[in-house]
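First the structure, in the form of structure tokens, and then the observations on it.
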Amino acid sequence: MIRFLDLKKINEPYETAFQEKLKLVLNNGWYILGKELETFEKAFAEYNQTKYCIGVGNGFDALVLIFKGYIQLGKLQKDDEVIVPANTYIASILAILQADLVPVLVEPKLETYNVNPDLIPEKITHKTKAILAVHLYGQLAEMDRINEIADKHNLIIVEDCAQSHGAVENFNNFKSQIPNASNVTLSEVEEPLRAFAFSFYPGKNIGCLGDGGAITTNDSELAKVLFALRNYGSEQKYYNEYTGVNSRLDEIQASFLNLKLPNLNADNDKRRTIAKRYLAEIKNDKIILPFWDLSNNHVFHLFVIRTENREALQEYLTQNNIQTVIHYPIPPHKQKAFQEWNNLSFPITEKIHNEVLSLPISPVLTEAEVDFIIETLNQY
Ligand SMILES: *Cc1c(COP(=O)(O)O)cnc(C)c1O
């Protein structure tokens, strides 16, 4: 069986190093808010060319805390509206609600699965205060267009980078440059009202052996609040300035991430190499391949194809020992949790959810496995 994502194989090369790190943490006898986290925060900020990184408990908390941070700073208020793609993992939308803000859903483009910037302006009201851009499946949303809209309407931009660690914009607009552009200096990327949320859930392009997350930003005011908010709103032990939460990236997980971060770019390259082969070699009229401009703006967290009779294709692949997954079978507005939205119509989002299927793609997939997947799809 070709596994959809073989996490054991992904983490295997680190096994000895993990054990050594674990011993180190045990010897230190210090498990929360220590040196490993500090080292990781510095490294991840540098990797993303931002001034600050704040390690938190998971990707969801990273999003919620960004919104709560802006509320604390008076830049957002309860019931403000936040534009968010209708086609996203539900965490993006739940995070907005968790911060007492109001999600306003916008349809995606069928080709990229990411939000359609043309449809954002008509959703903007006097209550709209932010856009949550989601870089779904690892491909950056059209940030040049989204930035223009945000500039014009004075909106905060939050970026959900839970699937896009290491993706880099391929245009020269520094304002929207996210992660890891080697040709940019910190002063050039200075962009106050902006923050990025990352998840290190095990299956992400860089994952913990458990839950983990981080926020990056160049906004020093926001960073100051976030360092406190994740730790009960306290800057100094037992003195609480804000009504914070407990959401910290622990020492053991941070130490594992410190070992994995140096390989993230190489891992992303391996994913892109596989994606290039899929795009060039899968030739089947029944299968619609994803759009990609071949730049590093895509890190292929997922390789998502579309087909009309998805169940038949998935069954065929299973019978050929190829495991696939659906990301995602039910759109957020059709979930039981959001009954008040169930009658809303987002036809493109619904079409995507009815037709998508994710093929195996990961740094540990072998060339022979990729050959077999392509061959099998071409014979379908
Ligand atoms: C994984 C994910 C999250 C949430 O991350 P967790 O660490 O699981 O809380 C948020 N948004 C998107 C798009 C994700 O894929």
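How many residues are within 16 Å of the ligand (Cβ to nearest atom) and either in contact with a Pro (Cβ under 9 Å, 6 or more places away or on another chain) or β-branched (V, I, T) (or both) if we restrict to the range 61-73?
Looking only at that region, the number is 2.
Taking H135 as meeting all but one of (1) out of contact with any Cys (no Cβ under 8 Å at 6 or more places or on another chain); (2) within 11 Å of the ligand (Cβ to nearest atom), write down the number of the exception.
(1)
Which number in (1) out of contact with any Pro (no Cβ under 9 Å at 6 or more places or on another chain); (2) surrounded by fewer than 20 Cβ atoms within 10 Å (Cβ to Cβ); (3) at pLDDT 95 or above marks the one condition that K270 misses?
With (1) out of contact with any Pro (no Cβ under 9 Å at 6 or more places or on another chain); (2) surrounded by fewer than 20 Cβ atoms within 10 Å (Cβ to Cβ); (3) at pLDDT 95 or above applied to K270, the lone miss is (1).
Residues checked against (1) modelled with pLDDT of 95 or more; (2) in contact with an Asp or Glu (Cβ under 6 Å, 6 or more places away or on another chain):
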position: E188; (1), (2): no, no
position: R194; (1), (2): no, no
position: A197; (1), (2): yes, yes
position: D211; (1), (2): yes, no
position: A223; (1), (2): yes, no
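Give me the pairs: first residue in the range 328-357 and in contact (Cβ under 8 Å) with a residue 60 or more places away in the chain, second residue buried (at least 18 other Cβ atoms within 10 Å of the Cβ) and among the small types (G, A, S), beta-carbon distance under 6 Å, and six or more apart or on different chains, which are they?
Final answer for the pair search is F346/A86; T349/A86.
Given the options S220, S247, name the one that is closer than 19 Å to G69 by Cα and within 14 Å of the ligand (Cβ to nearest atom).
S247
Consider L97 against the criteria (1) among the aliphatic types (A, V, I, L, M); (2) surrounded by 19 or more Cβ atoms within 10 Å (Cβ to Cβ); (3) within 15 Å of the ligand (Cβ to nearest atom): it satisfies all of them except one. Which criterion is unmet?
(2)
Looking at the range 330-350, which of the residues that are surrounded by fewer than 14 Cβ atoms within 10 Å (Cβ to Cβ) and of a type in the set (D, E, K, R) is nearest to L317 (Cα to Cα)?
Taking the candidates together, the pick is K336.
Could you tell me which residue of the range 43-60 is nearest to the ligand (Cβ to nearest atom), considering only residues that are part of a loop (DSSP other than H, G, I, E, B) and not hydroxyl-bearing (S, T, Y)?
Looking at the filtered set, the residue picked out is N58.
Test D61 against the stated conditions and say whether it is surrounded by 19 or more Cβ atoms within 10 Å (Cβ to Cβ), of a type in the set (D, E, K, R) and under 30 Å from A337 (Cβ atoms).
yes
What do you reckon, is L76 away from the ligand (no atom under 16 Å from the Cβ) and either closer than 15 Å to V158 by Cα or modelled with pLDDT of 95 or more (or both)?
Considered against the rule, which asks whether it is away from the ligand (no atom under 16 Å from the Cβ) and either closer than 15 Å to V158 by Cα or modelled with pLDDT of 95 or more (or both), L76 comes out as yes.
Within the range 324-345, count every residue that is over 23 Å from the mean Cα position of the chain (by Cα) and under 30 Å from P360 (Cα atoms).
Of the residues in that region, 1 qualify.
The values are calculated or read from the model by the stated rules, or taken from the named source; none is laboratory data. Values in this document were obtained by computation on a predicted structure and should not be read as measured data. Cβ atoms come from the backbone with ideal geometry, glycine included; neighbour counts cover every protein chain shown.
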